[in-house]
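The values are calculated or read from the model by the stated rules, or taken from the named source; none is laboratory data. The shown structure was predicted, so the numbers you read here are calculated from the model rather than taken from an experiment. Every residue, glycine as well, gets a Cβ built from its backbone with ideal geometry; the counts of neighbours run over all protein chains shown. Surface areas here come from the heavy atoms of the whole protein model, side chains and all, with no ligands, DNA or RNA. Shrake-Rupley method; radii C 1.70, N 1.55, O 1.52, S 1.80 Å.
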Amino acid sequence: MKRTKVIFSLGIVALIVLAFVLLPSCKTKSTTETTAAETTVAETTSAETTSAETTGVDLTSIPKEKLYETFREMAKAGKYEGEPAKGHTLAFANIIKAFPFCTSVENSIIEHWKLAGGLDSDLTILDNAADPQIAIQNKDIIFNKKPEVFLQFQFDAKINDQIAKEAKEKGVFIIAIDVPVGDFPFMGVNNYGTAVLTGQWAIEQIEKMGGIDKVDLILYQNVPQVGETVFLRIKGSVDEMVKKYGDIVDPEKTGSKGVWAVADSSSTEKAKKDFQDILAKYPQAKSIVLFCLNDQSAAGYQAAADISGRWDPDNTLICSQGLDELGMQLIRDNIVDGDSSYFPEKYGEYLIPGSLAYMYGGEKAVPKEMYVENVIITKDNIDQYYPQK
Amino acid sequence: MNKQVIVKEKKKFKLSDTIILFIALIVIVIFFTLMNRAFFSYANISTMLKNMVITGILALGLTPLMIARGLDISFGSSVSFTGVLMAVLYNKGWSLSLCLVVGVAAAVIIGFINGLLIENFDLIPIILTLGTMSILSALALVLSKAFSVSMLTDQLYYFATKSFLKIPISVFVLIFFIILFWFILTFTKTGRVIYIIGANPKVALLSGVKVKKVRILLYTFLGFIAGIASIIMVALTGVGNPLAGAKMALPVLSAVVLGGISLAGGAGSVWGTIIGVLIVSVIFNGVSVMNVESYFIQMVQGLALILIVSMYEVRNKRASRR
């Protein structure tokens, strides 16, 4: 018994020591210990007064509708005059931290928060881990902290509806990232727009290949986890393809060359497994066009085709979404042909000005939509946007 | 004489597993409070309690089943499926109460089928329920066309977000089930039968206990609990999500095992399970409040699981040597 107690006590001590050693070092780059919510909440009215005193820029003289643009200019220049974020609070719930795209978004937010003079202790960052239950728990944790602005990055717009309703009751202001949260302002990609752009680009490539007759199979990725909003990133392409080629590419029609590819997009490994099964269903298909949701899926498809002995880059057209570091490598390696870039590394340039506009001017100072510009990145233009290091 | 005194003193200082677990919980709570004062605030504790309701009631439902040497890992998929079913029916114009009743009834039937197949065909529970899990997940996807289905109602929203006596309403559901399971396992004949089956099913059978029937009842009751968990999940999220329960098995099973319930059955208590659930929830919440990435939350939860389960093993080995 005595020995058991000793082992148990040592275990608890080891756990605590390990936690002490590990936890501070594994915090997100910008965040240190979070202080009690009550002490960090800054009232909008007092913030406005503070702004005039501390920023050196008379923000009160700027019309509310110009605040966002003023901060945007500062963000683009990489210099926020007078530390406007100082003394304010912000929270960010990331969609799934494991993705390079999401890491870029997070790093960009942290970078601009710091550039704007925001303190580590006033920034809360959580990971929704692509799990609705965790997203709900994180929402509660953030609501308790009562940040002035909550940047919500979560897959399911329908779950976001409930979050929006509660946020309004609790007086928490949200800026939605990529997936709408009720009628709160939205920042990110125009999901349908980027798919239309990708569809149009794909049609150009198909025509260069000799037209749709030369294509054996068109795979449109469709996966439940992403929710209907993110699915628009494929839907727009489907609509463009059907508009151009008709029923022969419509995944809803029987006998069509276009089919829904239900492949997990949450990791390359899972996508690979699903795409292996999908490819096995179409053993005769040689010339294949793939519209996929992200670069992990594109890498998964390539791995699946390779394992199945069917990887033929000359007869494969991969159109991906949300270019990230993996996607850049895939483009340079001739695997992905075109990738719609949302420039996640620039999300902070929109989100922090949007947040600051709210902090200094209230809800009306924040534009309802803050869209990023999409560009199809290919092997021909990648160095223009992302020069090789 | 002296020996008797020593034995008495030893007995006096013997701590039960539940007490040790409770001390571990207190240590973890103190640790997180020291790391961040916001952790021990009313608002945060209230959030934590609210967020442990689903894990808590599922773990409670699993407790008597595992004590009786049964196992079901399909409860997460059952939550997903019934959630989607309720939401689909609601969108077809069914009344809210009817949707909820049908959802719970479906979950009860799933639990009953699990129990019936396992007990009547002597199937290995983990294999059978793995199969059920897969079927239910697929059914949820088919029914929802792979998207979450809205079910944002005023009543469920009220249930999910409001408090009574400053305690979130959903927490009362957990309290109700704690009392119910504690009462059944401690004071009723059924409770004693469950422990007897877990200790030795053959002896129980020879003693006239209807082992199969009791176990089928426990699987069915877990189904009922999954149905209730599904309602709470729909209330919290406002949707029937086909993947809502996909990741539930690990935290629930971790909580039950942390609570001292062995896969070998025959031992465990409601309080142990609840402390297990609290430990899992406290670690998640405490680490989240500290702004630490989710990977490390899983790591710390895993560490706690290994540590406490190892402690049980050491204690059991020591006890068996005596």
For residue B:152, indicate whether it is in a helix (DSSP H, G or I) and closer than 24 Å to residue A:155 by Cα. no
In the range A:213-235, residue farthest from the other protein chains (Cβ to nearest Cβ) [restricted to those that are farther than 20 Å from residue B:148 by Cα and open to solvent by less than 20 Å² (accessible area, probe 1.4 Å)]: A:215
So for the range A:236-250 (the condition being open to solvent by 20 Å² or more (accessible area, probe 1.4 Å) and under 22 Å from the mean Cα position of the chain (by Cα)), does at least one residue qualify? no
Looking for whichever is more than 27 Å from residue B:41 (Cα to Cα), assigned by TED's automatic domain parsing to the domain that holds residue A:117 and either in a loop (DSSP other than H, G, I, E, B) or modelled with pLDDT under 50 (or both) here; the options are A:69, A:81, A:48. Which one fits? A:81
Considering residues of the range B:46-66 that are facing chain A (nearest Cβ under 10 Å) and not hydroxyl-bearing (Ser, Thr, Tyr) only, the residue nearest to the chain's Cα centre (by Cα): B:54
Can you name the strands (runs of 3 or more DSSP E) wholly within the range A:223-326 that have at least 3 residues being in contact (Cβ under 8 Å) with a residue 40 or more places away in the chain and of a type in the set (A, V, I, L, M, F, W, C)? A:258-261, A:288-291
I'm told residue B:147 meets every condition in (1) part of a helix (DSSP H, G or I); (2) touching a helix residue (DSSP H, G or I) at 6+ places or on another chain (Cβ under 7 Å) except one. Can you identify the failing condition by its number? (1)
Within the range A:197-206, is even one residue within 14 Å of chain B (Cβ to nearest Cβ) and open to solvent by 30 Å² or more (accessible area, probe 1.4 Å)? no
Count of the range A:130-177 residues which are in a loop (DSSP other than H, G, I, E, B) and open to solvent by 20 Å² or more (accessible area, probe 1.4 Å): 4
Residue count for the range A:336-352, restricted to those that are assigned to a loop (DSSP other than H, G, I, E, B) and either open to solvent by less than 10 Å² (accessible area, probe 1.4 Å) or at pLDDT 95 or above (or both): 3
Considering the range B:207-246 alone, what residues qualify as being under 13 Å from the mean Cα position of the chain (by Cα) and either more than 23 Å from residue B:116 (Cβ to Cβ) or open to solvent by 10 Å² or more (accessible area, probe 1.4 Å) (or both)? B:221, B:224, B:228
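One line per residue, one yes/no per condition, for (1) more than 14 Å from chain A (Cβ to nearest Cβ); (2) under 20 Å from residue B:111 (Cβ atoms):
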site: B:228; (1), (2): yes, yes
site: B:233; (1), (2): no, yes
site: B:237; (1), (2): no, no
site: B:240; (1), (2): no, yes
site: B:246; (1), (2): no, yes
site: B:252; (1), (2): no, yes
site: B:261; (1), (2): yes, yes
Among the residues listed as B:225, B:216, B:231, B:274, the single one being closer than 29 Å to residue B:33 by Cα and assigned to a helix (DSSP H, G or I): B:274
In the range B:290-322, what count of residues is obtained for those that are under 18 Å from residue A:131 (Cβ atoms) and part of a helix (DSSP H, G or I)? 9
Unmet requirement for residue A:355, which otherwise passes all of (1) under 30 Å from residue A:116 (Cβ atoms); (2) in the same structural domain as residue A:213 (by TED's automatic domain parsing); (3) buried (at least 22 other Cβ atoms within 10 Å of the Cβ): (2)
Out of the range A:245-275, which residues are aliphatic (A, V, I, L, M) and within 14 Å of another protein chain (Cβ to nearest Cβ)? A:261, A:262, A:263
It is to be established whether one or more residues within the range A:377-385 are outside the structural domain of residue A:147 (by TED's automatic domain parsing), closer than 26 Å to residue A:236 by Cα and of a type in the set (Phe, Trp, Tyr). yes
So, in the range A:82-103, exactly how many residues are more than 11 Å from chain B (Cβ to nearest Cβ) and either open to solvent by 30 Å² or more (accessible area, probe 1.4 Å) or under 24 Å from residue A:143 (Cβ atoms) (or both)? 10
Residue satisfying all of: in the range A:129-153; farther than 23 Å from residue B:159 by Cα and modelled with pLDDT under 90; farthest from the other protein chains (Cβ to nearest Cβ) among these: A:130
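Residue-wise test of (1) open to solvent by 30 Å² or more (accessible area, probe 1.4 Å); (2) of a type in the set (D, E, K, R); (3) more than 7 Å from chain A (Cβ to nearest Cβ).
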residue: B:274; (1), (2), (3): no, no, yes
residue: B:279; (1), (2), (3): no, no, yes
residue: B:289; (1), (2), (3): no, no, no
residue: B:296; (1), (2), (3): yes, no, no
residue: B:313; (1), (2), (3): yes, yes, yes
Residue A:264 closer than 26 Å to residue A:197 by Cβ, acidic (Asp, Glu) and open to solvent by less than 30 Å² (accessible area, probe 1.4 Å): yes
State yes or no: is residue B:176 under 18 Å from the mean Cα position of the chain (by Cα) and either open to solvent by 20 Å² or more (accessible area, probe 1.4 Å) or modelled with pLDDT of 95 or more (or both)? yes
